[in-house]
Amino acid sequence: MSGNKHDVRPGSVAPLKNVASCLALVDALVNRPTHLPNIGVFSGFSGYGKTMAAQYCWNRTGALFIEVFDFWTRKKFCQAILAELGVSRPRGTIGDMMDEIIARLGDDPARPVIIDEADKLVDKSMIELVRDINKAAQVPVLLVGEEMLPQKLEAHERVHNRVLDWVLAQPCDLDDARALAKFLYPSLSISDALLDDIRAQTRGKARRIATTLNAAANFAANSGITALDIDNYEGRIFTGDAPKRNVSRRAA
């Protein structure tokens with residue numbers, strides 16, 4: 001998000017497959033032959049770790065990172081980009097700001113622009129601003145968004161035609177669950193059987209797996225144990241299902 005410092009730093013993200021896939025896509029955009037387009041789309045369901053992967057790429061490549069919010073207008077979008085480019089008080093019309101964005105990005109055309117929550121630009125008919133920036137400044141652009149982002153872009157042919165590659169974020173597998181557990185709680189031993197059960201019940205969503213691992217670590221600490229498995233874990237697994245109140249029927 002414009003104006004905020006991100007907590008993620010190089011090497012501080014678990015080595016999940018989606019992180020590697022996102023980084024490979026950014027690398028392909030930066031190093032593509034000049035006659036090919038340089039917009040990439042990284043999409044998938046909420047909770048798959050897309051933002052985490054995008055922020056890792058931001059740190060690794062020195063990219064410009066923008067997170068779009070639902071209340072943004074065209075003017076706010078331009079102001080946010082300029083703020084990330086070091087303009088403390090962006091002024092002028094949208095056209096003036098677009099000219100400055102293009103000029104500044106054009107000074108370093110190998111620097112990627114990563115736009116998270118890009119669906120909102122499509123929903124608000126603002127995605128053509130991205131095409132204009134990409135076309136005029138020739139900078140690689142990564143659009144990160146929800147599962148239906150590729151389908152939404154089909155209605156914007158001029159943007160759709162400029163996409164070099166489409167990558168779908170995948171649910172975590174057992175290797176990813178292991179990597180998360182080792183990264184977040186290296187001193188806690190969790191059996192593969194329990195990790196796979198957590199992965200299955202959370203539908204492979206990295207965010208829910210991480211939340212469950214936090215619950216598992218608390219359960220282990222409170223129970224005075226350092227190894228968890230299917231048989232001894234009695235803590236919560238965050239499936240994403242809405243909580244339901246158990247109401248007992250009184251005897252007549």
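Below, the figures for the structure above:
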read-out	value
Flag if residue 144 is surrounded by 21 or more Cβ atoms within 10 Å (Cβ to Cβ), closer than 19 Å to residue 25 by Cα and not polar (S, T, N, Q)	yes
Filter pass, residue 33 being over 21 Å from residue 210 (Cβ atoms), modelled with pLDDT of 95 or more, open to solvent by 30 Å² or more (accessible area, probe 1.4 Å) and in contact with a Leu (Cβ under 6 Å, 6 or more places away or on another chain)	no
Among (1) free of Cβ contacts under 8 Å to residues at least 40 places away in the same chain; (2) part of a helix (DSSP H, G or I); (3) among the polar types (S, T, N, Q), the one test that residue 134 misses	(1)
From the options 223, 187, 191, residue that is in contact with a strand residue (DSSP E or B) (Cβ under 9 Å, 6 or more places away or on another chain) and either open to solvent by 30 Å² or more (accessible area, probe 1.4 Å) or hydrophobic (A, V, I, L, M, F, W, C) (or both)	191
Residues located in region 183-215, provided they are among the small types (Gly, Ala, Ser), part of a helix (DSSP H, G or I) and within 20 Å of residue 13 (Cβ to Cβ)	206, 210
Pairs where the first residue, in region 147-165, is on the phi < 0 side of the Ramachandran plot and open to solvent by less than 60 Å² (accessible area, probe 1.4 Å) and the second is assigned to a helix (DSSP H, G or I) and charged (D, E, K, R), C-beta under 9 Å, 6+ apart	149/119; 156/128; 156/131; 159/128; 159/131; 162/131; 162/135
Residues satisfying the stated conditions in region 155-177, i.e. farther than 16 Å from residue 26 by Cβ and either assigned to a helix (DSSP H, G or I) or of a type in the set (Phe, Trp, Tyr) (or both)	157, 158, 159, 160, 174, 175, 176, 177
Where a residue in region 193-215 is acidic (Asp, Glu) and its partner, wherever it lies, is assigned to a helix (DSSP H, G or I), with Cβ under 8 Å and at least six apart	196/174; 196/177
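Residue-by-condition table, conditions (1) more than 30 Å from residue 205 (Cβ to Cβ); (2) basic (Lys, Arg); (3) part of a strand (DSSP E or B):
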position	(1), (2), (3)
33	yes, no, no
46	no, no, no
111	yes, yes, no
115	no, no, yes
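The values are calculated or read from the model by the stated rules, or taken from the named source; none is laboratory data. A quick note: this is a predicted structure, and the numbers were derived from the prediction, not measured. In this analysis, Cβ positions are derived from the backbone assuming ideal geometry, glycine residues included, and neighbour counts consider all displayed protein chains. With ligands, DNA and RNA removed, areas are computed over all heavy atoms of the protein, side chains included. Shrake-Rupley method; radii C 1.70, N 1.55, O 1.52, S 1.80 Å.
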